[in-house]
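Here's the structure, in structure tokens; my notes come after.
The values are calculated or read from the model by the stated rules, or taken from the named source; none is laboratory data. Bear in mind the structure is a predicted one, so any value in this text is a computation, not a measurement. Cβ atoms come from the backbone with ideal geometry, glycine included; neighbour counts cover every protein chain shown.
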Amino acid sequence: MLTGLPNPHSSSAPIAPVRVSDVRQDAWAYRLLRSLQVNRSSDRLVHRPYYRPFSAVDQGFTYPPFLVSADHYFEWRDSSHQYPIFTVNFCINPLFQFQSPCTILTNHLLFGCPCYQILWWDCPQHLPVALAELLFLQEEELEENSVGFLHFLEEFCQAYFAPIAPYPPIFNYTLVPDQPPSPPTIPDSPPFALHNPNTIPLVSQQ
């Protein structure tokens, strides 16, 4: 019998605690990337998904861990002249530390139509009430059917939170999605990050 070797099952050996990651954060990133794989443009609706990689460059180059952010830009075009009469942009960014989605109304610089910006760290589960009310007011002024546009936007929000495979089909959109209770943790820059010789620094070193 071998003696003098450490006991691998010793109860007195110090064990460093391991932080268990919240699986809901991984689901958040997966849903965001999945939403970018579908373009919902049809007829008068124009949908442009934009992928925005999210990584700090304060050391002059990117390094893991990486996060993701995205924009989903929608246009509702006039049936006669085909120019947009409403635009809505869902801007999803981990840095938007709001308790609820923030809706900002501006005018489109090129077309002059109402332009709605919805800013949050996640896609809203339902359209903000302020956005729905503003669209109904615009419908009265422009005599356009904004109900169809609202329907497309609601469908987008529901599809965004569709169950992640391989969950059984019994799960449907009516269930409350397992949304993280808070935005993803923004990773800190390592104090002594190793320089990547294959990357051109994007910022000047101090």
Of the residues CYS123, CYS102, CYS115, CYS157, which is touching a Pro at 6+ places or on another chain (Cβ under 8 Å) and at pLDDT 85 or above? CYS157
Condition broken by ARG52, with the remaining ones in (1) in contact with a strand residue (DSSP E or B) (Cβ under 9 Å, 6 or more places away or on another chain); (2) surrounded by 15 or more Cβ atoms within 10 Å (Cβ to Cβ); (3) basic (Lys, Arg); (4) not in a loop (DSSP other than H, G, I, E, B) satisfied: (2)
Residues of the range 55-83 being surrounded by 15 or more Cβ atoms within 10 Å (Cβ to Cβ) and of a type in the set (Gly, Ala, Ser), which ones? ALA56, GLY60, SER69, ALA70
Would you confirm, using the coordinates I've provided, whether CYS91 is in a loop (DSSP other than H, G, I, E, B) and surrounded by 12 or more Cβ atoms within 10 Å (Cβ to Cβ)? no
